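These notes are about the structure you will find just below.
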Amino acid sequence: MATQPGGGSVVSESVQLLEDVRANRGRPHLQFALLLFRLAQASRARSGLLARTSNVVFTAAYRAYSLSVLSLDIPISTTVSPGLVIHHGMGLVVHNNAVIGRGVTLRQNTTIGAKSGSGAPKLLDGVDVGANSVIIGNITIGENSVVGAGAVVTMSIPRNSIVVGNPAKIVRVRGLDESQ
C-alpha cells in the first residue's frame with residue numbers, strides 16, 4: 001500500500017521515482033512533474049538547513065510547474081505510492097489527505113476530494129479513474145476497480161468493480177459475474 005510522503009530511504013525514493021517515470025513513458029511533461037513531486041516529498045522529510053532550503057526550492061518548482069503549466073494539483077503532503085499514471089493531467093485535483101495506491105491511473109478533470117468535515121478517499125492499488133470523475137468523501141475504492149468517465153462516486157467500492165454514472169453505480173464486479 002502507500003507509503004508516507006518522504007518516509008523512505010534514498011533507495012526506496014529512487015525506486016518510487018523510477019516506477020513513476022516508467023509508468024508515464026511517452027509523457028515527459030508528467031514525468032518531470034512527478035520528479036519534482038518526489039523530490040519535494042523527500043526533501044520535506046529531511047532535517048537541517050540544506051534540507052529546508054532544498055525543500056523550499058523543490059516545492060516551489062513543483063507547485064509552479066504543476067499548477068501553472070499543467071493545471072495539476074496534487075499537494076506534496078498527499079500519500080502517493082509508486083507507479084502513479086497520469087493521462088493528460090489538466091484539471092486534476094487531489095485532496096492532501098487522499099491516499100493513492102500503487103499503479104493507480106488518473107485522467108484529466110478529475111477531483112479526488114473530501115466532503116466538509118469528513119476524510120478523503122483512498123484509492124487502492126490498480127484503480128483506474130476515467131476523465132471528468134469526482135470521487136469524494138471518506139471512502140475506499142477497492143483494488144483493480146474502474147471508475148468510468150464522468151462518474152460521481154460518494155460510496156466505497158469493492159475490489160474489481162466497475163462503476164459508472166452520477167451517482168455512481170456498480171455495473172459489474174469482475175470475477176464474480178464472469179466465467180473464469
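The values are calculated or read from the model by the stated rules, or taken from the named source; none is laboratory data. Note that the structure is predicted; figures quoted are calculated from it, not measured. When we count neighbours, we look across all protein chains shown, and the Cβ atoms used for this are built from the backbone with ideal geometry, even at glycine. Only protein heavy atoms, including side chains, enter the accessible area calculation; ligands, DNA and RNA are left aside. Shrake-Rupley method; radii C 1.70, N 1.55, O 1.52, S 1.80 Å.
If you filter segment 82-96 down to residues that are open to solvent by less than 10 Å² (accessible area, probe 1.4 Å) and assigned to a strand (DSSP E or B), you find that the one that is nearest to Asn138 (Cα to Cα) is Val94. Figure legend. Inter-residue proximity from segment 25-46: first residues more than 10 Å from Ile76 (Cα to Cα) and of a type in the set (Phe, Trp, Tyr), second residues at pLDDT 95 or above and not in a loop (DSSP other than H, G, I, E, B), beta-carbon distance below 9 Å, spacing 6+ or different chains. Indicated pairs: Phe32/Tyr65. Scan segment 124-138 for residues that are more than 14 Å from the chain's Cα centre (by Cα) and either without any contact (Cβ under 8 Å) to a residue 12 or more places away in the chain or open to solvent by less than 10 Å² (accessible area, probe 1.4 Å) (or both) and the total you get is 1. Tell me, yes or no, whether segment 55-78 has at least one residue that is part of a loop (DSSP other than H, G, I, E, B), open to solvent by less than 30 Å² (accessible area, probe 1.4 Å) and among the small types (Gly, Ala, Ser). Checked against the condition, which is being part of a loop (DSSP other than H, G, I, E, B), open to solvent by less than 30 Å² (accessible area, probe 1.4 Å) and among the small types (Gly, Ala, Ser), segment 55-78 yields no hits at all. Scanning segment 33-54 for residues that are open to solvent by 20 Å² or more (accessible area, probe 1.4 Å) and modelled with pLDDT of 90 or more turns up Leu35, Leu39.
Looking at Val104, Val153, just one residue is hydrophobic (A, V, I, L, M, F, W, C), farther than 19 Å from Ile76 by Cβ and open to solvent by less than 10 Å² (accessible area, probe 1.4 Å), and that residue is Val153.
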